[in-house]
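Bear in mind that the values in this text are calculations on the coordinates, not laboratory data. From a predicted model like this one, the values you see are computed outputs, not experimental measurements. Cβ placement follows ideal geometry from the backbone for every residue including glycine, while neighbour counts extend to all protein chains displayed.
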Amino acid sequence: MFFRLNKLALITFAVGTGFFLACSGDKKDTRGKSDNGNINENLQQKNIQEYANQVKTIFYNIPSPVEMAELTQKANLTYNSDILNSLDKIDQYTSTKSMALNLGVYGADLSYTRLYDQIQESINYLSAIRKLSEELGVPQEEGAFALSRLEENINNRDSLLFIITDLYANADLYLKENERSGTAALIITGGWIEALYISTNILDDDNPNPEIMERIAEQKFSVDNLIALLKKHYKENESLSDIFSLFDQLKQSYDKIELIYKPGKVITDEEIRLTSINSKTQVYVNFDQIKEIREINNKLRALIIS
Amino acid sequence: MKNLIKKLSIYFILSALPFLSHSQCKSFTKQVCMPKLNPYIYNGQLNSAILNEGDIAELVLTFYGGQDYRIAVCSEESIGKVQFKLLDTDRNTIFDNSEQEFAIFWDFRCNSTQQIIVEVLVPESEAIEDAVKSGCVSILVGFLSK
């Protein structure tokens with residue numbers, strides 16, 4: 001019996017490990033540059049290929065709704081609840097796709113209401129997020145939604161920030177833990193679209209804030225990352241074809257914006273464990289380009305909230 | 001009948017193995033890596049994978065100008081000290097933790113928005129062993145709220 005069990009364990013381990021190794025990770029496309037410009041091209045190509053073969057996993061990080069809200073915080077604009085997605089629509093979101101996308105949308109709305117200290121609205125958006133999370137099957141951790149905790153902290157903007165980030169971290173962790181990374185990617189996508197929607201629609205057309213325009217332009221980096229992230233999970237999925245098509249248009253609009261990067265001095269302070277990067281990215285954007293982005297993103301947003 | 005049960009057992013154990021590894025990796029990240037971000041705010045996106053010795057993983061992210069960030073790279077003891085580098089889009093090295101005693105987290109301040117590549121390299125074992133070592137590696141990003 002003992003021998004049989006051992007044999008079984010051995011086979012299980014061997015085949016299982018083989019299966020796991022075969023399945024894990026994505027191979028990355030060749031895109032690296034060699035540091036050495038003097039070696040011949042073939043050798044350089046070979047090095048790049050070897051390097052690319054070694055890169056087992058590539059992750060993409062998209063700014064969260066909270067981070068996006070932080071970026072437009074300085075603009076000092078008045079609060080406008082009309083631009084947020086209505087909570088009355090929540091019952092329309094019944095598919096996994098619409099629930100995940102709108103969980104992200106409501107998260108961006110909540111980040112916006114939090115910034116302007118709209119307590120009652122924040123509670124309402126939190127309740128909506130709770131409902132969608134539960135319907136997506138994300139178990140709520142003890143505490144995150146505890147009424148007492150909410151009541152105690154709702155007046156404190158920083159505490160609310162921790163509650164929001166906790167909620168999204170919990171959902172992301174749970175979904176990825178349960179092999180539902182695609183759903184996690186949709187939450188990020190919805191949050192990003194809504195945050196871009198808010199920042200492009202709070203702009204005053206007669207006197208657009210140049211700082212917000214720059215922040216919108218800098219999302220050029222995120223568009224590429226977001227498309228790569230979505231394609232990783234939904235490349236062949238027809239239900240997302242409308243979204244992909246609008247993302248392609250958004251990318252084309254963003255391609256007209258120039259972001260020119262110039263490396264700068266890097267200073268590392270070992271005592272406080274901080275590295276300061278003094279590079280410079282010059283942003284070349286005009287309001288017509290922002291309006292084009294707004295128009296496409298408004299369509300994207302209408303598609304996901306309807 | 002016994003054979004059928006045996007085959008089914010093997011099938012279920014094999015099916016569960018990759019999921020168990022992933023699940024353990026996420027738990028490791030939550031318990032060991034996330035606390036390292038404090039007082040920075042976790043951006044809510046988990047990047048973790050089981051890597052083998054000699055593997056390289058990359059995370060592409062955007063640092064916004066005027067924002068402070070913390071990068072934490074944690075790994076299970078079984079794969080030894082993991083090296084992580086920050087590179088710009090021209091692949092110039094901005095930071096290398098092997099020059100900082102393999103620190104598992106480091107803070108960054110960027111005065112202008114730019115794309116950053118976090119490259120994680122799992123060292124190859126020096127000992128000649130039959131089994132390839134593997135373990136969980138997590139890359140987490142936090143930012144400071146102002």
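Structure summary
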{"quantity": "Net charge contributed by nearby residues that have their C-beta within less than 9 Å of A:Ser253 (K/R +1, D/E -1)", "calculated": "-1"}
{"quantity": "Gained length - A:Asp255 relative to A:Lys299, 0.36 nm times residue gap less alpha-carbon distance", "calculated": "14.0 nm"}
{"quantity": "Environment charge at A:Asn298 (Cβ cut-off 13 Å; Lys +1, Arg +1, Asp -1, Glu -1)", "calculated": "+1"}
{"quantity": "³J(HN,Hα) computed for each position of region B:53-60 - Karplus, 6.51 cos²θ - 1.76 cosθ + 1.60, integer Hz, glycine/proline x", "calculated": "4, x, 6, 10, 10, 10, 10, 9"}
{"quantity": "Cα-based reach from A:Lys235 at 20 Å (exclusive), listing aspartates and glutamates while leaving out same-chain residues under 8 positions away", "calculated": "A:Asp26, A:Asp29, A:Glu179, A:Asp224, A:Asp248"}
{"quantity": "Alpha carbon Rg of region A:86-145, scaled by the compact-globule rule 2.2 N^0.38 Å", "calculated": "1.09"}
{"quantity": "Amide N of region A:155-189 lying under 18 Å from the label point, which is placed 7 angstrom from the Cα of A:Thr96 along Cα→Cβ", "calculated": "A:171-189"}
{"quantity": "Of A:Lys131/A:Lys232; A:Lys262/B:Lys36; A:Lys265/B:Lys85; A:Lys231/A:Lys291; A:Lys176/A:Lys232, those spanning more than 20 Å from alpha-carbon to alpha-carbon", "calculated": "A:Lys131/A:Lys232; A:Lys262/B:Lys36; A:Lys231/A:Lys291"}
{"quantity": "Inverse of mean 1/r across different Cα pairs in region A:159-211, Kirkwood, Å", "calculated": "13.1"}
{"quantity": "Stretchable slack from A:Glu238 to A:Glu179, in nm (0.36 nm times residue separation minus alpha-carbon distance)", "calculated": "19.2 nm"}
{"quantity": "Ranked A:Phe287, B:Phe95, criterion: other C-beta atoms within 10 Å, fewest first", "calculated": "A:Phe287, B:Phe95"}
